[in-house]
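Undergrad: Pasting a structure below so you can have a look.
Each reported figure results from applying straightforward, stated rules to the coordinates on display, with no laboratory input. These numbers were taken from a predicted model, which means no experiment stands behind them. Heads up, the Cβs are rebuilt from the backbone with ideal geometry, glycines too, and the neighbour counts pull from every protein chain shown.
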Amino acid sequence: MTNLGADTVWPLWADTVGGDAFTVQDVAAPPEQAVVTAVAAPVLLGFAPAVPNGRAMLVLGGGGYVALMAGREGVQVARWLTGLGYHAFVLIHRFPEAATGPSAPLDDAREAMRRIRVRGLAPDGLGVVGLSSGGHLAACLAAEYPAEWTEPPSPRAALPTRPDVLVVGYGPLSTNAKGRTLLPDKPPLPPAEKQAMYDRLQPDTQLLPGPPPMFIVYSGNDPVVPVENALRLYGAVRGAGGVADLHIFGDAPHGFALDTPGLPVSAWPELCEAWLRQVGFL
């Protein structure tokens, strides 16, 4: 099984990883460009810093919940974070589909938070960086878990799943949800479980009181994820008694991640680093 260059591979719901936990689109591609197309068993890929700062970050990549940009929005982000001293963990989560149901990605993300905390690698705090659909998932960690859903049993259930800080980039927070789309006749997203997840998980309306400090970065002309998502999230954080930095770049592509040179949006990692220092998380 490929580990995408990670130092450790931790299974989420089992003691060991048996066989291939996930499938990559191109086995010859470097880890920084890997795309995961199927997940048999969710895992955490751990990247260790040379000089630990006592904190860790969970990294949630995008891919529209039908794939995972595990390289550009996972491994690359993790290596940026380890350079700052964080233990970084890239989550390879299940997708919402008939075999798993709509709750699978959130269940995996919550268990990942517990898994990191129980290992003692984040004594001074555990944050989350989520991009694209991973940004939606990251924000869900600061929101209510649906009362009608049943979480899988976890031996670490007593540990908190709330992040201490959140970095959300170009995530589709609620404009895919029924009744909140910007296009009046937007069809449901396939598969049905994915649409059901977006309908039920709208973190901008479900934030718990006192949300963690949040760094929000979007493109103003994103053709895939409307900037209204950023405005909704920023307003929700303030309304729930939290604080957030909101950065909207007027001209930037969707999925700008860390490798969009020559555009102003390429400065967002430095802005985020300065913000992490300001909120006392670096």
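Undergrad: What shape does segment 196-243 take by its C-alpha gyration tensor, where a ≥ b ≥ c are the square roots of the eigenvalues and a/c under 1.5 counts as rounded, a/b above b/c as prolate, and the rest as oblate? Before the final figure, lay out the partial values.
TA: Working: a/c = 2.66, a/b = 1.27, b/c = 2.10.
Since a/c reaches 1.5 but b/c is at least a/b, the shape of segment 196-243 is classed as oblate.
Undergrad: Using the per-residue mean of other Cβ atoms lying within 10 Å as a proxy for protection, in what order, highest first, do the peptides 144-154, 21-31, 100-110 fall?
TA: Descending packing order for the listed peptides: 100-110, 21-31, 144-154.
Undergrad: Okay, next question. For Thr8, what residues show an amide H to amide H distance below 5 Å, using hydrogens built from the backbone and excluding near sequence neighbours?
TA: HN-HN under 5 Å from Thr8: Gly46.
Undergrad: Okay, moving on. Lys and Arg at +1, Asp and Glu at -1: add these up for the other residues within a Cβ distance under 14 Å of Gln33 and post the number.
TA: So the environment of Gln33 carries a net charge of -2.
Undergrad: Under a 5 Å amide H to amide H cut-off, with H placed in plane at 1.01 Å, what residues pair with Ala252 once short-range neighbours are removed?
TA: Amide H neighbours of Ala252: Gly220, Asn221.
Undergrad: Now for a separate question. 7 Å from Cα along Cα→Cβ at both Glu32 and Asp251: what's the point-to-point distance in nm?
TA: 2.6
Undergrad: Related question: Please turn the phi angles of segment 40-53 into ³J(HN,Hα) values with the Karplus equation 6.51 cos²θ - 1.76 cosθ + 1.60 (θ = phi - 60°), one per residue in order, whole Hz, x for glycine and proline.
TA: Here the 3J(HN,Hα) series is 7, 8, x, 9, 10, 9, x, 10, 9, x, 5, 10, x, 9 Hz.
Undergrad: May I pose another question? Choose one answer from Pro213, Pro160, Pro184: the residue with the largest mean-square fluctuation in a GNM of the chain with alpha-carbon springs under 10 Å.
TA: It is Pro184.
Undergrad: May I pose another question? Could you tell me the center-to-center distance, by alpha carbons, between segment 16-60 and segment 144-195 in angstrom?
TA: Segment 16-60 and segment 144-195 have Cα centres spaced 21 Å from each other.
Undergrad: Kindly put Val77, Val243, Val225 in sequence by how many other C-beta atoms sit within 10 Å of each C-beta, fewest to most.
TA: Listing Val77, Val243, Val225 from fewest to most nearby Cβ atoms yields Val243, Val225, Val77.
Undergrad: What shape does the chain take by its C-alpha gyration tensor, where a ≥ b ≥ c are the square roots of the eigenvalues and a/c under 1.5 counts as rounded, a/b above b/c as prolate, and the rest as oblate?
TA: Here the chain falls in the rounded category.
Undergrad: Give, rounded to the nearest 20 debye, the magnitude of the charge dipole that the chain has about its Cα centre when Lys and Arg contribute +1 at Cβ and Asp and Glu contribute -1 at Cβ.
TA: Details: 19 positive and 26 negative charges, 102 e Å.
For the chain, the charge dipole is close to 480 debye.
Undergrad: Going by C-beta contacts inside 10 Å, put His136, His254 in order with the fewest on the left.
TA: His254, His136
Undergrad: Would you mind telling me which residue in Gly18, Gly171, Gly46 has the biggest mean-square fluctuation in a Gaussian network model of the chain, where springs connect alpha carbons within a distance under 10 angstrom?
TA: Maximum among the listed residues: Gly18.
Undergrad: Cut-off is 10 Å between beta-carbons; in what order do Phe249, Phe215 appear when sorted fewest neighbours first?
TA: By the 10 Å Cβ count, ascending: Phe249, Phe215.
Undergrad: Given a 10 angstrom Cα cut-off, can you work out which residue in Leu91, Leu60, Leu263 is the most mobile in a GNM of the chain?
TA: Leu263
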